[in-house]
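K.L.:
There's a structure below that I have some questions on.
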Amino acid sequence: MLTNALATVVRELQSALGKRHVLWAPEDMLGYEYDATIDRARPDAVAFPANAEEVAAVVRITRRHDVPVVPRGSGTGLAGGALAARGGVLCVLTRMNRILELDPANRVAVVEPGVINLALQDAAAAHGLLYAPDPSSQRICTLGGNIATNAGGPHTLAHGSTVNHVLGLEVVLPDGRITWLGGRQLDAPGPDLRGLFVGSEGTLGIVTKICVRLVPVQAAVRTMLADFESVEAASEAVSAVIRRGVIPVALEMMDHEIIAAVEHVLHIGYPLDAGAVLLIEVEGLRESVEADAAQVVAACREQGAREVRVAESEAERARLWEGRKAGIGAIGTVTPNFYLLDGVVPRTRLPEVMRGVAELTARYGFRVANIFHAGDGNLHPNIMFDELQPGATAKVLELGGEIMRLCVDAGGSITGEHGVGQEKRSYMEWIFGPEDLRAMERVRLGFGASELFNPCKILPTGHGCGQAHAADARRHLATPGVYL
Amino acid sequence: MSGGFRGPDLPALADLQNCIHCGFCLPVCPTYIATGQELESPRGRLHLVRAVLDGKAEATDRLLSHLDLCLQCRACESACPSQVPYGRIMEDARAATMARGARDRPRAWTLRALALRYVLARPRVLRSVLALARLYTRSGLQRLVRGPLARALPAPLRALEAQAPVLDRAPFRRSGVLARPQAMRARVALLTGCVHGELYPQMHEATVSVLTRLGCEVVAPPAQVCCGALHTHAGDAETARALARRNIAAFEAAGVDAVIVNAAGCSAAMKEYGRLLRSDARWALRAERFASGVRDVLEYVAAQDFAAPGLGAVPGDVTLQDACHLAHAQRIRSAPRAILGAIPGLRLREMQTPDRCCGAAGLYALVQGEMSRTVLASKMAEIAATGAHLIATANPGCTLQLEAGVRRSGLDAGVRHVIELLDESYRAAAAARG
């Protein structure tokens, strides 16, 4: 039941937002204790504001009563970023889902943070335009969440990630004031606060309006599926393609575990006997795209590709992509549980890192499925396990740490696109020194964030977080069935 | 009222474990679209069921209300990359709640189960109830209530009345051999169902007519009963099993090549008899065998050379409302489109999301009136945008709901089963031949 302080907060939220738009029943909190990864943390109340003023009200009320506040979109994050790590109020932005403006002539759109990525894509496509960042969860993830994590996607290789497409942001600061960062142009006078905000995982404020840049859809596109005997051979081909001076818009790898799972569910026609496939897409002018595709085919063959299939129609192209987009989900059909990791390494180190991932996973006695943005060196090993086996979850988390270490040692980093969230805070010390982390902390303070504003995210410091996290970990490990 | 799950129909852990929390089911779920709230989404409901199963949460009335708002349309199953068998998890969760006994479950659930058990499953009771409804239509009272007297009823009652069918036709209650073609190619049995023949006799007539033209002898075993779909959906697994056993025995005795069902909700349920009776040693195998012989009428017809009898023109623009339990539960989407597409003069105008539920969902329209009307309103807007004057369906429940939608929105459109349009096309060709 609610403590007195929380009961007051709920009452004030109700009068600011309307009764219907505040949840606090304990049963209802179960629905907001998860995102798409394996951590859990339950809020005490959930607020659904309808506009920037209401978001500001939520922020002010929680601040006044010293209650944590955490923003959330569709809850598809993969690092625990939208979890109420220390309880408090979850500020859910799904009601703010309007596309406010779409200006084809100036190629900009202004949207609310609850707009679904694919809804913006569809709206832009009606004008022959593209919103480039396309995370695999695009059919349900929100733009607000994309801003928070600086989301990427298969097409990041050529187009860049979310930060390259955001022009301006209206945000509610941690003290409840509303302000704009950036504007409607790529560059704005003064320091680039917009750039600083993108990828800050909701620790500097809550986004309430987003101005994005749209790009024209390219005239021609070629999509290829190259079939290799091993993950290593496919990894070598990744660099071989880039060395030839071609930058594909997408260069994705799927290993045989993924291929088997996808075929089991969708029957796309991926080669079941392949060690790995690369899904490669080039686009551009009609005149140049054929030459680029030929370069890709040649590079793959030179690295031992058994077959390179070129999609003959838009339907076949869509089908090849369908398998890629459903790939992570398909793993759910072949294992009770899996732990999806996100790391990044220099492209040229992929072959050895992939070998290392395979060796580590085998040593721990697990199977791994790999599906990732190979062109960016952004790997996603999925460790398959069964939560009901005693100690399995703890071992998987430990293995996850070792794989992240491997990435860091290869000159890479602990996240390519999913963010740090609450899941990987403790790894931050592997890449940043104490001074770096203190600088980040000072930025947070500069934006006016208290310790209760989206606590326990990104930075390994913070009162109560370490203990809370350790206690959480113990509780998780003691309760079978907690990792769904 | 609270407690856990009980009885023989506990949701299976292995089913629940398939869910990876990706959220791909959210954007296709009608109740999530309407509310934007996680607990009115498939992912949220699965999480709740898992929490109760694991003993982490009590299945309180509040928690159960989220399961209850589910339409069981199973659109989430089509969207799920991990193949979570959501429909049966929800059926099991409801059955495992019902098994707690009358004192430990929501009273509305008990009332619903009683109505289903003592009305729908009993032809004589059902017919008496419908006789009153028929009298209501034929006496002209219905026309008065929907016209000049509309304001006399209080709003909640008016909303309920608007849902009622117009029973102005003689019911279809025939059994035995319904039709015998000159050259017989197959023998099939027709499920005549509980309310179907009472509400929409013309759908049965058209089905028999079409099957006969395709060379089928059509029989209706007299001992058949309601298929039990609504009982399964409401968690009354015991009644559903009893009905399934009676139907299996009745249809086996008919000795036919296929059991044809012209209501998608019923064909889906009958194809799942094997699972329903899996723990019954005496019936499990028989149920599997029976289920493998069940065909939805559109699936059956589309697999035949259905153009052979000659297709005549049925002019007009039609839009197709996929029956959820055809598109999502049985994954049949192309059959109705192939049939509509083959009819000369008929232009198929697809709506934006033809496979999104209309809000009928069995008893849902009565039990969850407000949400049902919200879902229906967006459906009617999509239909209006197509400009079609014909709405094709594959299930009597959808027909009833869409007819109410047409009346409410004032749209100039008629609602017909796909099989009726095919029959009309055959008749037009025959008339043209003289």
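The values are calculated or read from the model by the stated rules, or taken from the named source; none is laboratory data. Just so it is clear, the model here is predicted, and its values are computed rather than measured. We place every Cβ from the backbone using ideal geometry, glycine too, and count neighbours over all the protein chains shown.
K.L.:
Could you run through region B:340-393 and say how many residues are small (Gly, Ala, Ser) and assigned to a loop (DSSP other than H, G, I, E, B)?
P.N.:
Final tally of qualifying residues: 7.
K.L.:
Tell me which residues, restricted to region A:175-225, are on the phi > 0 side of the Ramachandran plot and touching a residue at least 12 places away in the same chain (Cβ under 8 Å).
P.N.:
Selection gives A:Gly176, A:Gly182, A:Gly199, A:Glu201, A:Gly202, A:Gly205.
K.L.:
Which ones in region A:292-316 are of a type outside the set (Val, Ile, Thr) and either in contact with a helix residue (DSSP H, G or I) (Cβ under 8 Å, 6 or more places away or on another chain) or exposed (fewer than 13 other Cβ atoms within 10 Å of the Cβ) (or both)?
P.N.:
Matches in region A:292-316: A:Gln295, A:Ala299, A:Cys300, A:Glu302, A:Gln303, A:Gly304, A:Ala305, A:Ala311, A:Glu312, A:Ser313, A:Glu314, A:Ala315.
K.L.:
Only one residue in B:Leu422, B:Leu411, B:Leu390 is in contact with a strand residue (DSSP E or B) (Cβ under 6 Å, 6 or more places away or on another chain) and either of a type outside the set (Gly, Ala, Ser) or modelled with pLDDT of 95 or more (or both), so which one is that?
P.N.:
Sole residue among the options that is in contact with a strand residue (DSSP E or B) (Cβ under 6 Å, 6 or more places away or on another chain) and either of a type outside the set (Gly, Ala, Ser) or modelled with pLDDT of 95 or more (or both): B:Leu390.
K.L.:
Can you tell me how many residues in region A:61-80 are outside any loop (DSSP other than H, G, I, E, B) and more than 14 Å from every other protein chain (Cβ to nearest Cβ)?
P.N.:
7
K.L.:
Moving to a separate point now. Of all residues in region B:10-19, which are outside any helix (DSSP H, G or I) and either more than 8 Å from chain A (Cβ to nearest Cβ) or in contact with a Leu (Cβ under 8 Å, 6 or more places away or on another chain) (or both)?
P.N.:
If the condition is that a residue be outside any helix (DSSP H, G or I) and either more than 8 Å from chain A (Cβ to nearest Cβ) or in contact with a Leu (Cβ under 8 Å, 6 or more places away or on another chain) (or both), then B:Leu10, B:Pro11, B:Ala12, B:Cys19 are the ones that fit.
K.L.:
Please identify the pairs in which a residue from region A:356-371 that is outside the structural domain of A:Ala234 (by TED's automatic domain parsing) and over 13 Å from A:Val231 (Cβ atoms) has its Cβ atom under 8 Å from the Cβ atom of a residue that is hydroxyl-bearing (Ser, Thr, Tyr) and surrounded by 14 or more Cβ atoms within 10 Å (Cβ to Cβ), counting only partners at least 6 apart or on another chain.
P.N.:
A:Arg367/A:Thr335; A:Arg367/A:Thr361
K.L.:
Let me ask something else about it. Can you pull out the residues in region B:79-95 that are closer than 23 Å to B:Met270 by Cβ and either touching a Ser or Thr at 6+ places or on another chain (Cβ under 6 Å) or away from chain A (no Cβ under 12 Å) (or both)?
P.N.:
Once the filter is applied, which keeps residues that are closer than 23 Å to B:Met270 by Cβ and either touching a Ser or Thr at 6+ places or on another chain (Cβ under 6 Å) or away from chain A (no Cβ under 12 Å) (or both), region B:79-95 yields B:Gln83, B:Tyr86, B:Gly87, B:Arg88, B:Ile89, B:Met90, B:Glu91, B:Asp92, B:Ala93, B:Arg94, B:Ala95.
K.L.:
Inside region A:124-142, can you point out the residues that are closer than 29 Å to A:Glu54 by Cα, within 14 Å of chain B (Cβ to nearest Cβ) and not basic (Lys, Arg)?
P.N.:
A:Pro135, A:Ser137, A:Gln138, A:Ile140, A:Cys141, A:Thr142
K.L.:
Further question on the same structure: Which one of these is touching a helix residue (DSSP H, G or I) at 6+ places or on another chain (Cβ under 8 Å) and part of a strand (DSSP E or B): B:Ala170, B:Ala189, B:Ala164?
P.N.:
Of the residues listed, the single one that is touching a helix residue (DSSP H, G or I) at 6+ places or on another chain (Cβ under 8 Å) and part of a strand (DSSP E or B) is B:Ala189.
K.L.:
Let me ask something additional. Name the single residue, out of those in region A:3-22 being in contact (Cβ under 8 Å) with a residue 24 or more places away in the chain and within 14 Å of chain B (Cβ to nearest Cβ), that is surrounded by the most Cβ atoms within 10 Å (Cβ to Cβ).
P.N.:
Looking at residues that are in contact (Cβ under 8 Å) with a residue 24 or more places away in the chain and within 14 Å of chain B (Cβ to nearest Cβ), I get A:Val22.
K.L.:
While we're here: Give the residues of region A:226-251 that are part of a strand (DSSP E or B) and either without any contact (Cβ under 8 Å) to a residue 40 or more places away in the chain or crowded, with 24+ Cβ neighbours inside 10 Å (or both), sorted by residue number.
P.N.:
A:Ala226, A:Phe228, A:Ala250, A:Leu251, listed by residue number.
K.L.:
Could you please let me know if B:Ala51 is facing chain A (nearest Cβ under 9 Å), within 19 Å of A:Glu27 (Cα to Cα) and either over 22 Å from the mean Cα position of the chain (by Cα) or assigned to a helix (DSSP H, G or I) (or both)?
P.N.:
Against the criterion (facing chain A (nearest Cβ under 9 Å), within 19 Å of A:Glu27 (Cα to Cα) and either over 22 Å from the mean Cα position of the chain (by Cα) or assigned to a helix (DSSP H, G or I) (or both)), B:Ala51 qualifies.
K.L.:
Could you tell me whether region B:21-34 includes any residue that is more than 11 Å from chain A (Cβ to nearest Cβ), aromatic (Phe, Trp, Tyr), in a helix (DSSP H, G or I) and buried (at least 24 other Cβ atoms within 10 Å of the Cβ)?
P.N.:
No: region B:21-34 contains no residue that is more than 11 Å from chain A (Cβ to nearest Cβ), aromatic (Phe, Trp, Tyr), in a helix (DSSP H, G or I) and buried (at least 24 other Cβ atoms within 10 Å of the Cβ).
K.L.:
Return the residue satisfying two criteria in turn: it lies in region B:61-78 and is in a helix (DSSP H, G or I) and of a type outside the set (A, V, I, L, M), and of such residues it is nearest to the other protein chains (Cβ to nearest Cβ).
P.N.:
The selected residue is B:Arg62.
K.L.:
State whether the residues of region A:90-99 include one that is under 30 Å from A:Ala124 (Cβ atoms), touching a Phe, Trp or Tyr at 6+ places or on another chain (Cβ under 7 Å), of a type in the set (Lys, Arg) and surrounded by fewer than 24 Cβ atoms within 10 Å (Cβ to Cβ).
P.N.:
Checked region A:90-99: at least one residue is under 30 Å from A:Ala124 (Cβ atoms), touching a Phe, Trp or Tyr at 6+ places or on another chain (Cβ under 7 Å), of a type in the set (Lys, Arg) and surrounded by fewer than 24 Cβ atoms within 10 Å (Cβ to Cβ).
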